[in-house]
Amino acid sequence: MTEEVKVEEKKENGPAIIFYCKDCEEIVDTNKLGKKYLYSCKKCGTKNVAFGTVKSVNGFFRLEEKAKQKAKEAQRMKEAGKSSQGQSA
Ligand SMILES: [Zn+2]
């Protein structure tokens, strides 16, 4: 059954590449522009898009930290909304 092993080897396309829009500040889908290694953000249309492996992009842009910060902000907003709702007098 050596042939089956070959099939698995073929599956290896290298690390997955993701795209990070510096304007949206998040991982986005992109449109490829022409022949060059140029991509535009599907969300906002900017060409201000970086790409790399999940590992490199996460490391470079510190996405995890940003995600944590966002969660914190959301929590704050929630709490702020609660307290302002209470002043109905
Ligand atoms: Zn964008």
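All of the numbers you see were taken from the coordinates with simple rules; none came from a lab. From a predicted model like this one, the values you see are computed outputs, not experimental measurements. Here Cβ is always computed from backbone atoms with ideal geometry, including for glycine, and neighbour counts include all displayed protein chains.
Here are some notes:
- Each of residue 60 and residue 43 was given a label point 7 Å from its Cα along the Cα-to-Cβ line. The distance between the two points is 1.7 nm.
- Amide H contacts for residue 30 (H built 1.01 Å from N in the peptide plane; partners 5 or more residues away or on another chain; cut-off under 5 Å): 42.
- Exceedance of the 28 Å cut-off in Cα-Cα distance is limited, within the set 36/68; 42/66; 47/82; 42/82; 42/70, to 36/68; 47/82; 42/82.
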